[in-house]
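The values are calculated or read from the model by the stated rules, or taken from the named source; none is laboratory data. All of these numbers come straight from a predicted model, not from anything done at the bench. Ideal geometry is used to build each Cβ from the backbone, glycine not excepted, and the neighbour counts take in all protein chains shown. The accessibility values were calculated without ligands, DNA or RNA, using every heavy atom of the protein model including side chains. Shrake-Rupley method; radii C 1.70, N 1.55, O 1.52, S 1.80 Å.
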Amino acid sequence: SGINAEYGGSTKIYKDQCVYCFNTPLHSALYVDFTRYWAHCEKHLDKAGEARVFLKHVRVAREREEDEDEDPPAKITRLAIGVDGGFDASKEQYEYTDTYTVFVRGEKEYSLDDSALPENLRVTARNVINFQSAGAQEQNAQWDGEERKVSRFADDLLQLDNGVKVPPGPWQCSMCEKRDNLWMNLTCGTILCGRRYYDGTGGNNHAVDYYERTKYPLAVKLGTITPQGADVYSYAEDDMVLDPNLAKHLEHFGINMMHCQQTEKTMTELEIDANMNLKFEYDSILESGVALKPLYGPGYLGLVNMGNTCYMNSVLQVLLNCV
């Protein structure tokens, strides 16, 4: 068709919702044009101007089916995550299926595996899918997490001349079958899985176990490497850190970060997800957004708080309800 569109990663991508009406892929198919990289719903597709080529994104949600052998959810009794009586953030209420195609206006719609789809359009489509959206970038920038400091090992990090060259992927932990949450040691290039999370997901602790044996301090999370940086963890400093020499350290193992794209969530994104899940559960308990009917009379009203008697009032009410 003579169409030439290649996304190189220098433009912000607005792909989460329609830029005109804020519909998401759950409301309507979204079309991300390959000219400005703006998402349009079907209603506003005509506002894409002269753009002819789009990444079409459709998302279908369905309630997660409960396993027959799975126990019913326990009642929440503690404001905590991953402990008995607390929130189980590992279970999702819905399952989502995302479908991507390349839509050429006036011609046809191609699946990404269609041999008739020009290779430059296939590459562009996958780049748009994998690249972090402008909204996610802004959310991460505003996240008030702990400020990361430059690692004291960054300037004179030992890197072994062992001939290791890391391919673009897919990767696997060198000690188990894990293919996600993988960290590459920046001293020797060994790829290992990360820590096990509180809910049993994550890795098998092989990266931290490896540090205990070798004392090689820095590791980068594979799948988070982009031209803008990556997640780097210092086991010696026990914290996420900044590595100003990351490009050089990656190049030692044959990785050009200028050609890398994000394929996994960063630690910041995982923190945001965990907090959003907690907020959703907490809002459900407090019936947030529900019009509550005021009640009064015996059994409904508590004691008057005099400013410093809230704890005593709570204890008294518990005792009264135990009688």
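Observations
- Of the set (1) modelled with pLDDT of 90 or more; (2) open to solvent by 60 Å² or more (accessible area, probe 1.4 Å), all apply to residue 114 but (2).
- Residue count for region 182-207, restricted to those that are among the β-branched types (Val, Ile, Thr) and modelled with pLDDT under 95: 1.
- Members of region 131-161 found to be open to solvent by less than 70 Å² (accessible area, probe 1.4 Å) and either modelled with pLDDT of 90 or more or farther than 19 Å from residue 225 by Cα (or both), listed by number: 145, 151, 153, 154, 157, 159, 160
- Subset of region 201-232 [open to solvent by less than 20 Å² (accessible area, probe 1.4 Å) and assigned to a helix (DSSP H, G or I)]: 207
- For region 24-43, a residue qualifies if it is buried (at least 18 other Cβ atoms within 10 Å of the Cβ) and at pLDDT 85 or above, and the qualifying residues are 29, 30, 31, 32, 33, 34, 37, 38, 39, 40, 41.
- Within region 74-106, the residues that satisfy the criterion of being part of a loop (DSSP other than H, G, I, E, B), out of contact with any Lys or Arg (no Cβ under 8 Å at 6 or more places or on another chain) and either modelled with pLDDT of 90 or more or not aliphatic (A, V, I, L, M) (or both) are 75, 77, 78, 82, 88, 90.
- Residue check, residue 183 part of a strand (DSSP E or B), under 23 Å from the mean Cα position of the chain (by Cα) and not charged (D, E, K, R): yes
- Some residue of region 244-256 being open to solvent by 30 Å² or more (accessible area, probe 1.4 Å), more than 23 Å from residue 147 (Cβ to Cβ) and in contact (Cβ under 8 Å) with a residue 24 or more places away in the chain: yes
- Members of region 257-269 found to be within 20 Å of residue 179 (Cα to Cα) and open to solvent by 60 Å² or more (accessible area, probe 1.4 Å), listed by number: 261, 263, 265
- Condition check for residue 128 on (1) modelled with pLDDT of 85 or more; (2) over 23 Å from residue 272 (Cα atoms): one failure, at (2).
- Selection count where residues are in contact (Cβ under 8 Å) with a residue 40 or more places away in the chain and either out of contact with any strand residue (DSSP E or B) (no Cβ under 7 Å at 6 or more places or on another chain) or within 20 Å of residue 259 (Cα to Cα) (or both), scope region 169-184: 6
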